[in-house]
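Worksheet: the structure to be examined is printed underneath.
The values are calculated or read from the model by the stated rules, or taken from the named source; none is laboratory data. This one's a predicted model, so the numbers in the text were calculated from it and none came from an experiment. Cβ atoms come from the backbone with ideal geometry, glycine included; neighbour counts cover every protein chain shown.
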């Protein structure tokens, strides 16, 4: 992809026990970066830089940014946010050490009625609903973009895929290879329990089983089952289609010289900030950046 990469910038600075943020999500700047370097390298006292690609039709980037601001603020790490999925490229990623990805693989080029039109009552209540075309989603990620993420991680960097990002794997072979699995559906939001099934991994240290009111995503993991960290269970015995009540909810593996983490919880701010899950996210970022 040969174009200028304009992204949003939010620098988190720690000073006297509080941090100040430069909120420039709507602004643009051109990224000019050196070649990708391994996580183990550092440039003086500069912290590793993070890029977060967030937001889609069903996941407002505002709640995601609020959730991640707290995470990276407590870790004292600078993060740049973007919603520009079409700018994802090797050139964009080469300026970063960690790529955080919370969005699905769909766009609606023909438009749609609004964020709530997934519910029939929204459309049915419109007097002029017949005036709106029935738009269908399309996949946005290209194999070139999938290869860019794959090569980014293989070179020694980190990928943190959250929540519905497993959906992107359905439309990119290269992305699925590095991310490690794919989306397989979910029931409506409801309470379920997340269990730590690998208590020896650095990411799960100090993290206990927890309840959360969220979308229980059902996913397929393609790699060694020993890499699975979390499983989710609907303790009320409510199954999802023919997949039962239990699902994989998180994994971590190495890919080339880099590292990958996926955690499925995260459809709302309550889920992102659930204390045990929040600690897990902090551990995941540290592990991805070779800090633990």
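Figures for the structure shown
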quantity	calculated
Exclusive hit being modelled with pLDDT of 90 or more, more than 15 Å from residue 164 (Cα to Cα) and surrounded by fewer than 21 Cβ atoms within 10 Å (Cβ to Cβ), set 94, 46	94
Flag for residue 223 being in contact with a strand residue (DSSP E or B) (Cβ under 7 Å, 6 or more places away or on another chain), farther than 18 Å from residue 100 by Cβ, part of a loop (DSSP other than H, G, I, E, B) and free of Cβ contacts under 8 Å to residues at least 60 places away in the same chain	yes
Which listed residue is assigned to a loop (DSSP other than H, G, I, E, B), surrounded by 19 or more Cβ atoms within 10 Å (Cβ to Cβ), at pLDDT 95 or above and under 20 Å from the mean Cα position of the chain (by Cα), from 64, 141	141
Yes/no for residue 189 being touching a residue at least 40 places away in the same chain (Cβ under 8 Å) and out of contact with any helix residue (DSSP H, G or I) (no Cβ under 6 Å at 6 or more places or on another chain)	yes
The one condition in (1) more than 18 Å from the chain's Cα centre (by Cα); (2) surrounded by fewer than 20 Cβ atoms within 10 Å (Cβ to Cβ); (3) modelled with pLDDT of 95 or more that residue 207 fails to fulfil	(2)
Number of positions in the stretch 148-195 that are crowded, with 19+ Cβ neighbours inside 10 Å and in a helix (DSSP H, G or I)	18
Selection count where residues are over 16 Å from residue 162 (Cα atoms) and in contact with a strand residue (DSSP E or B) (Cβ under 9 Å, 6 or more places away or on another chain), scope the stretch 228-238	5
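A quick yes/no check of all residues on (1) touching a residue at least 12 places away in the same chain (Cβ under 8 Å); (2) in contact with a helix residue (DSSP H, G or I) (Cβ under 7 Å, 6 or more places away or on another chain); (3) more than 22 Å from residue 65 (Cβ to Cβ):
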{"position": "163", "(1), (2), (3)": "yes, no, no"}
{"position": "185", "(1), (2), (3)": "yes, no, yes"}
{"position": "196", "(1), (2), (3)": "yes, yes, yes"}
{"position": "203", "(1), (2), (3)": "yes, yes, yes"}
{"position": "211", "(1), (2), (3)": "yes, no, yes"}
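For (1) in contact with a helix residue (DSSP H, G or I) (Cβ under 6 Å, 6 or more places away or on another chain); (2) under 19 Å from residue 194 (Cα atoms); (3) assigned to a loop (DSSP other than H, G, I, E, B), each residue gets a yes or a no:
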| position | (1), (2), (3) |
| --- | --- |
| 236 | no, yes, yes |
| 248 | no, yes, no |
| 251 | yes, yes, no |
| 283 | yes, yes, no |
| 292 | yes, no, yes |
